[in-house]
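First up is the structure itself, then whatever we jot down about it.
The values are calculated or read from the model by the stated rules, or taken from the named source; none is laboratory data. None of these values were measured; they are calculated from a predicted model. Positions of Cβ are backbone-derived with ideal geometry, glycine not excepted, and every protein chain shown enters the neighbour counts. The accessibility values were calculated without ligands, DNA or RNA, using every heavy atom of the protein model including side chains. Shrake-Rupley method; radii C 1.70, N 1.55, O 1.52, S 1.80 Å.
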Amino acid sequence: PPKMERDVTRVAPASDDFSTTGIELAEAVDRVLRLPTVADKTFLITIGDRTVTGLVARDQMVGPWQVPVADCAVTCSGYEGYVGEAMAMGERTPVALLDAAASARMAVGEALTNLAAAPVAALGDVKLSANWMAAAGSPGEDAALFDAVHAVGMELCPALGIAIPVGKDSMSMRTAWETEDGPREVVAPLSLIISAFAPVTDVRQSLTPQLRDDLGDTELLLVDLGGGRQRLGGSALAQVYGRIGNEPPDLDDPARIAAFFATVQECGSEGLLLAYHDRADGGLLATLCEMAFAGRVGFNVDVAGLGADPVAALFNEELGAVVQVRSNDVATVLSRFDQAGLGDCVHRLGRPQTGDRIVMRRGDEVLLDATRTDLHRTWSETTWRMQTLRDHPACADEEYARLLDVEDPGLGGAHLAFDPAGDIAAPMVTIGVSPRIAVLREQGVNGQVEMAAAFDRAGFAAVDVHMSDLVEGRVGLDDFQGIVACGGFSYGDVLGAGEGWAKSVLFNARVRDQFATFFGRGDSFGLGVCNGCQMFANLRELVPGADHWPHF
């Protein structure tokens, strides 16, 4: 096919001289923690299911208090064993306003520092998906796209030994319209969204940002992949002061991030790391605070070793990570990073501390002394305000007020009222044959696989049965002892989805008679989950005589 040819010109970025001079640290903390790209994302996360399939080992929510700070997602490959997959994302769109190539490299770097929290055997196992978005045809944007693609596809990823087998693009990120005052337009900056995927050796070894205060004396270490540079261009700090800066962070040395990834995996596999969180939006300040929020502990850190400018040290968004290590293991961890050629990148920051105080110092000078509760509420205020507009305001207020309860124990261990190894199907088994259960599906249902796995482990013989099988007569209910109607997005998960499912039974004589005969036997049972439960409840109301059907 013919190649597309574009004649483009590079346009100088509209930078400015952003300086930290005169910035009060307390005010900067307050502004940055409220910025949506840094703040609590609960308002986004809780509008969708997070554990469909029953194979999700790590979702966004971390720790007993379910704080949304996970670096990556981890899933199991099956219902037996512990191998699985990890997924992480990276993006640095604001940086593209200053340097498109740096933005693309940083997107890849952030995806990798996020993915490092999962036990991945080798960096070469990682595969990337690249989602490119640009306003093709706008001045300078085509040249910026060329620079970014070349930086990632021809230089960085080959140097790291990572492939990008899939991706997509959106080249029309510009809109224009006419007003009484003349034409107007909005041009989105070049954006690369990287999704990273890799097989996981043992999902149980995945690290989270949750700081631990129940494992004795520990320390916090910063691994600074920026090599001491504290470039603030495109940072959250610059944004909240209405600026963009002039020099953005960059992934300057591919070998350094490769060594970092391998060392984190080595230390993690040996149990030397207790917590891990990458440095990204909001910089070191946000990284430390999010770790404290997840563990509901305080910390006392000293940034004197990070340069003369504490504001730049706390808010630069160079690549890196903070790890929590037992005090007895610090020397070992430092030695591992030194052997990897990263000894000058590791800084000992300080210690977590039981209680509610978050203290940041530069030597003897106290830069910030605040309560974790106050900072957590600042960080979660954006979510609270969004939820009061979108959800039930009183419920949003209650959830926000929950952060004030310092005695809240959070989620504890499960206390089962039954023996999970027990064979609950034994009373129903005759002549050594497992009772058959129909795992019933309707359009959009997505919980059938884990439901079948659960019944299989309980001693049943699970059979996949779609409503169309009953309608067409391919399957009958005569030889089943139970029916389970699964959850998911039946009928598009619209309001009244259960009633729609029930009507698909009511309005088909063959299916209605099968249900009536099945529940009329007296030795059968029905179990509904989510929309399946609504379906059974609606059957009682819609089907004549169904109110005597047992065991819903």
Answer yes or no as to whether Ala176 is surrounded by 19 or more Cβ atoms within 10 Å (Cβ to Cβ) and aliphatic (A, V, I, L, M).
no
Check whether at least one residue in the range 104-119 is open to solvent by 10 Å² or more (accessible area, probe 1.4 Å) and either closer than 16 Å to Arg58 by Cβ or part of a strand (DSSP E or B) (or both), and report yes or no.
yes
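In the list Met89, Met4, which residue meets the criterion of being among the aliphatic types (A, V, I, L, M), out of contact with any His (no Cβ under 7 Å at 6 or more places or on another chain), open to solvent by 80 Å² or more (accessible area, probe 1.4 Å) and in contact (Cβ under 8 Å) with a residue 24 or more places away in the chain? Give the steps one after another, and end with the answer.
Working: Met4 fails: in contact (Cβ under 8 Å) with a residue 24 or more places away in the chain.
It is Met89.
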List, please: which pairs have Cβ atoms under 6 Å, are six or more places apart or on different chains, and start with a residue in the range 326-342 that is over 17 Å from Gly216 (Cα atoms) and modelled with pLDDT under 95 and end with one that is open to solvent by less than 40 Å² (accessible area, probe 1.4 Å) and among the charged types (D, E, K, R)?
none
Taking into account only those residues within the range 461-489 that are open to solvent by less than 10 Å² (accessible area, probe 1.4 Å) and among the β-branched types (Val, Ile, Thr), which is nearest to Asp513 (Cα to Cα)?
Ile483
Yes/no for Glu270 being among the acidic types (Asp, Glu), on the phi < 0 side of the Ramachandran plot and crowded, with 19+ Cβ neighbours inside 10 Å
no
Matching residues, the range 11-62, being open to solvent by less than 70 Å² (accessible area, probe 1.4 Å) and without any contact (Cβ under 8 Å) to a residue 40 or more places away in the chain
Ser19, Ile45, Thr46, Gly48, Val56, Asp59, Met61
Tabulated pairs, the range 490-517, first crowded, with 20+ Cβ neighbours inside 10 Å, second part of a helix (DSSP H, G or I) and among the hydroxyl-bearing types (Ser, Thr, Tyr), C-beta under 7 angstrom, 6+ apart or interchain:
Ala497/Ser490; Ala497/Tyr491; Trp501/Ser490; Trp501/Tyr491
Of (1) closer than 29 Å to Ala370 by Cβ; (2) in contact (Cβ under 8 Å) with a residue 24 or more places away in the chain; (3) open to solvent by 20 Å² or more (accessible area, probe 1.4 Å); (4) assigned to a helix (DSSP H, G or I), Trp65 satisfies all except one. Which?
(4)
Selection from the range 141-168 of residues that are surrounded by 14 or more Cβ atoms within 10 Å (Cβ to Cβ) and not in a helix (DSSP H, G or I):
Ile162, Ile164, Gly167
Here are Leu192, Leu211, Leu220: which of them is assigned to a loop (DSSP other than H, G, I, E, B), open to solvent by less than 10 Å² (accessible area, probe 1.4 Å) and either on the phi < 0 side of the Ramachandran plot or modelled with pLDDT under 95 (or both)?
Leu211
Identify all residues within the range 223-247 that are polar (S, T, N, Q) and assigned to a strand (DSSP E or B); write none if there are none.
none
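Scan the range 121-140 residue by residue and report those that are among the hydrophobic types (A, V, I, L, M, F, W, C), in contact with a strand residue (DSSP E or B) (Cβ under 6 Å, 6 or more places away or on another chain) and open to solvent by 20 Å² or more (accessible area, probe 1.4 Å). Spell out the reasoning first.
Residues of the range 121-140 among the hydrophobic types (A, V, I, L, M, F, W, C): 121-123, 126, 128, 130, 132-136.
Retained after the next criterion (residues that are in contact with a strand residue (DSSP E or B) (Cβ under 6 Å, 6 or more places away or on another chain)): 126, 128, 130, 132-133, 135.
Matches in the range 121-140: Trp132, Met133.
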Report, ordered by the first and then the second residue, all pairs with beta carbons closer than 8 Å, sequence separation of six or more or different chains, a first member in the range 131-145 that is among the acidic types (Asp, Glu), and a second member that is assigned to a strand (DSSP E or B).
Glu141/Ala135; Glu141/Val187
Residue in the range 235-252 that is more than 20 Å from the chain's Cα centre (by Cα), without any contact (Cβ under 8 Å) to a residue 60 or more places away in the chain and open to solvent by 10 Å² or more (accessible area, probe 1.4 Å) present:
yes
